[in-house]
Amino acid sequence: MTGDRLLPRAYAFAMLVFLAVPLALCVLFSFTTSNSAAFPIPAFGFDWYARVAGNPQFQAAAWTTAEITVGCGAAATLVGLVTALGLDRLERRAAVAVLLVLCLPLMLPPLVLGLSLLTFFNMIGLKLGVAATILGHLLFTLPIVASVLYARLATMDGSAVEAARDLGASPLRAFATVTLPAIGPSLVGCMLIAMALSLDDFVIAFFVTGSNTLSTLIWGMMRTTLNPSINVVGSIIIAVSVAITALGLNVTRYRG
Amino acid sequence: MTARKIGSSQIVTALMLLPAAAIFLGLFVGSLAFFFVQSFWKASTFKVTPDFRPGNYLDVVTNYGEVLLYTLGVGVLVASLTTTLAFFFAYAVRFALGRLGDLMLAIALTTLFGGYLVKIYAWRTILGSDGIINSALINLGLIDRPLSFLLFNLGAVVVTLTHYLLPLAILPLYGALRDVDETELAAARDMGASRSRVMLDIVLPQVRPALMASFSVCFLLAAGDYVTPAMVGSPGNAMFGNFIQSQFGLRMNTPSGAAMSFTLIGTSLVLLTLIGAGLRKGLQPR
């Protein structure tokens, strides 16, 4: 029976190594003092972090990325909440159908989505930049936020809201004092997940931002020089998105 | 159930759904529709003029037909490999690993977020001629000169895409396997069904929609990718996405790029429909 127990363990472990080791190596080599991301590592230090932090291109890209990430998180959560509340007033079957349609942009290759947005923005005369990128990112963050919040609202006990209304609370007051506290954790979690997804995107940002975000900065660096400063920017993206996601999943207690 | 809904007029409901509808119709449907219309326009030097030229699509097929077939092939290869690896991982987590499985699943899903470009860069530094594998092997004295076959070929593209897509493929498969009833499997085994019988007749038919979902997502993202082949692939083996993107460089040939995009989506959907039908036929519950 040992083979029966060993094989699945060994296989799952091998898959985890395959998934995690490249990212771990990227982080490891961000701390090298050498000029290349290769062995041997002469010493560990924050040399490359200091160099990247002083780079004005990095500062500009980090600021743009922060604006997009926060803007997208806020917009997706706000619109997602209103959408989920609206869907909750429909029949369940209709609501699920609407959600499926909203999810269609997730099935399109990002290249095609990015190019059609670029062409469209040029036609209507919308300037490329932070606002255009937030609009683009809404297409794939909104369906996820709306789905999670709708699922939360659908399983909520409606009698508490009814009781508040019976006791004379206005619809708005009932929402603010009963519904909002109940779905609060989901709301925060959704916002964090939307931010992580926005931070991860490269292709759409590449076409519609017009200036550098952190991921398009990496793209530019990869084409000119290959040195550990890319590892530093990469490690920052990994750290921020993993932290945001872990916090988000923990807050919502999302399972599976 | 309708009684608890506040202010149950339909106008309020419609108003609440309006922002999402505006974003979906205005941005997604609007931009795709305009892109589709442009695929019939005429491109001349520095200018794009409205026209009706279905011939744009014919040009795509004659000029890029071979690249398209190659790209769809890479997509099928990556999607099959990733879905298979993901299925057995999800299966091990669901049926064999107990509490350890929860931890392993959490770690696997954390790698979902690591940045698409960061992952491609990571593989480039691992496989490159002065990269991690080569520098380690040279330092250990196992080789004299760098192994050059690691990077800039189809193998590197497949490995990098599989690495990026694997956590994405695990998600729906684990969700579906969680709903598979363990007692049913045990019963079949008790009645003498072999391991492969149980897998083919009970497990796989039950998770078929999730298999198809994982496969489709992996296929669409792999076949539509242009960054991975540009960064870790060989210049001679560019994929369809690289040619789409190059229409938007200095040439700015939007009609041609649009026609290529819709050709890719159209052929992808036909292929996925066929594969879906094949799976439905092959995986009948018994």
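What Kirkwood radius, in Å to one decimal, follows from the Cα pairs of chain A?
Answer for chain A: a Kirkwood hydrodynamic radius of 21.0 Å.
Go through the stretch B:16-28 residue by residue and turn each phi into a ³J(HN,Hα) via Karplus (6.51, -1.76, 1.60, θ = phi - 60°); whole Hz please, and just put x for glycine and proline.
5, 8, 4, x, 5, 5, 5, 5, 5, 6, x, 8, 7
Projected area of the stretch A:116-182, taken from the Cα convex hull and averaged over every viewing direction, in nm²?
6.6
Between residue A:39 and residues 5 or more places away or on another chain, which pairs have amide H atoms under 5 Å apart, with H built 1.01 Å from N, and which residues are they?
B:135, B:136
Please sort A:213-222, B:129-138, B:11-20, A:159-168 by packing, taking for each peptide the average over its residues of neighbouring beta carbons within 10 angstrom, highest first.
Result, highest mean first: A:213-222, B:129-138, B:11-20, A:159-168.
Give me the tail of P(r) for the protein assembly as shown as a percent: Cα-Cα pairs with distance above 42 Å.
Result: 24 percent of Cα pairs exceed 42 Å.
Once you average over the residues of A:118-125, how many Cβ atoms of partner chains fall within 10 Å of each Cβ?
Mean inter-chain Cβ contacts per residue within 10 Å come to 5.
Which whole number gives the average, over all residues in A:227-236, of C-beta atoms from other chains lying within 10 Å of the residue C-beta? Don't skip to the answer; put the middle values down first.
Working: counts 0, 1, 0, 6, 4, 0, 4, 8, 2, 2.
Counting other chains' Cβ atoms within 10 Å and averaging over A:227-236 gives 3.
Looking at the stretch B:204-285, what % of the alpha carbon pairs are farther apart than 22 Å?
Of all Cα-Cα pairs in the stretch B:204-285, 40 percent lie more than 22 Å apart.
Return the aspartates and glutamates within reach of residue B:42: Cα separation strictly under 15 angstrom, same-chain partners fewer than 8 residues apart disregarded; answer none if there are no such residues.
List returned: B:51, B:59.
Can you figure out the FRET efficiency of residue A:159 with residue A:225, using R₀ = 56 Å and their beta-carbon distance, to the nearest 0.05?
Efficiency, from the Cβ-Cβ distance: 0.35.
If we count every other residue with Cβ under 12 angstrom of residue A:82's Cβ, Lys/Arg +1 and Asp/Glu -1, where does the sum land? Provide the component values of the computation, followed by the final result.
Working: positive: A:89; negative: A:88.
Residues near residue A:82 contribute 0 overall.
Which chymotrypsin sites (Phe, Trp or Tyr not before Pro) from the stretch B:123-171 combine a DSSP loop assignment with at most 14 other Cβ atoms within 10 Å?
B:149
What do you get for the angle between helix A:92-102 and the principal long axis of chain A? Use alpha-carbon atoms, 0 to 90 degrees, nearest ten.
30
Expressed as an acute angle from 0 to 90° and rounded to the nearest 10, what is the orientation of the C-alpha long axis of helix A:56-88 relative to the principal long axis of chain A?
20
Tell me the Kirkwood radius of the stretch A:157-256: reciprocal of the mean inverse pair distance over distinct alpha-carbon atoms, in Å. Intermediate results must be reported in sequence, preceding the final value.
Working: mean 1/r = 0.0601 Å⁻¹.
Across the stretch A:157-256, the inverse of the average 1/r is 16.6 Å.
Could you grab the relative contact order for chain A? Cα pairs under 8 Å, six or more apart, rounded to a whole percent.
The value is 30 percent.
How far apart, in nm, are two points set 7 Å out from the Cα along the Cα-to-Cβ line at residue B:100 and at residue A:33?
In this crude label model, residue B:100 to residue A:33 measures out at 4.0 nm.
Before rounding to the nearest 500, sum -39500 (n - 2.57) across all DSSP H runs of length at least 4 in chain B and divide by the residue total; then give [θ] at 222 nm in deg cm²/dmol.
Details: 13 runs with 191 residues, N = 286.
The helix-only estimate for chain B comes to -22000 deg cm²/dmol at 222 nm.
Once you list every other residue whose beta carbon is under 15 Å from the beta carbon of residue B:96, what net charge do they have if Lys and Arg are +1 and Asp and Glu are -1?
Neighbour charge sum, excluding residue B:96 itself: +4.
Whole Å is fine, so just give me how far the alpha carbon centre of the stretch B:240-286 lies from that of the stretch B:149-184.
20
Let me test this: with uniform point scatterers at the alpha carbons of chain B, what is the Debye-based log₁₀ I(q)/I(0) at q = 0.07, 0.11, 0.13, 0.14 1/Å?
Result of the Debye calculation: -0.40, -0.89, -1.09, -1.15.
At what distance in angstrom do the alpha carbon centres of the stretch A:48-92 and the stretch A:125-155 lie from each other?
10
May I ask you to order B:271-277, A:135-141 by the average number of other C-beta atoms within 10 Å around their residues, highest value first?
Going by the mean number of other Cβ atoms within 10 Å, highest first, we get A:135-141, B:271-277.
Would you mind classifying the stretch A:1-124 by shape? Square roots of the alpha carbon gyration tensor eigenvalues, ordered a ≥ b ≥ c; an a/c under 1.5 is rounded, otherwise it is prolate if a/b is larger than b/c and oblate if not.
Values: a/c = 2.64, a/b = 1.30, b/c = 2.02.
It is oblate, given that a/c is not under 1.5 and a/b is not larger than b/c.
In debye, nearest 20: dipole of chain B around its Cα centre with unit charges on the Cβ of K, R (+) and D, E (-)?
400
Suppose every Lys and Arg Cβ carries +1 and every Asp and Glu Cβ carries -1, with no other charges. What dipole size does the stretch A:55-252 come out with about its Cα centre, to the nearest 20 debye?
So the magnitude is around 180 debye.
For all pairs of alpha-carbon atoms in the stretch A:18-65, what percent lies in each bin of width 5 Å, listed from the first bin to the last filled one?
5, 20, 21, 19, 19, 13, 4, 0
Classify the stretch B:1-151 as rounded, prolate or oblate, taking a ≥ b ≥ c as the square roots of the eigenvalues of its Cα gyration tensor: rounded when a/c is under 1.5, otherwise prolate if a/b is larger than b/c and oblate if not.
Oblate, because a/c is 1.5 or more while a/b does not exceed b/c.
Which whole-number percent gives the relative contact order of chain B, counting Cα pairs below 8 Å spaced six or more residues apart?
Reported as a whole number, the value is 27 percent.
Shielding of A:20-28 by partners, i.e. mean partner chain Cβ atoms within 10 Å per residue? Write out the running numbers ahead of the final one.
Details: counts 5, 5, 15, 8, 2, 6, 10, 3, 1.
For this peptide, the per-residue mean of nearby foreign Cβ atoms is 6.
For chain B, build the charge dipole from Cβ charges (+1 Lys, Arg; -1 Asp, Glu) around the Cα centre, then report which of B:128, B:269, B:17 sits farthest towards its positive end.
Result: B:17, furthest along the dipole toward the positive end.
In the neighborhood of residue A:173, defined by Cβ-to-Cβ distances under 14 Å, what is the net charge if each Lys or Arg adds +1 and each Asp or Glu adds -1?
Residues close to residue A:173 contribute a combined charge of -1.
Please work out the Cα center distance from the stretch A:2-28 to the stretch B:76-107, rounded to the nearest Å.
11
Values in this text are rule-based calculations from the coordinates and carry no lab data. What you see is a predicted model; the values in this text were computed from it and never measured. Glycine also receives a Cβ, built like all others from the backbone with ideal geometry; neighbour counts cover every protein chain displayed.
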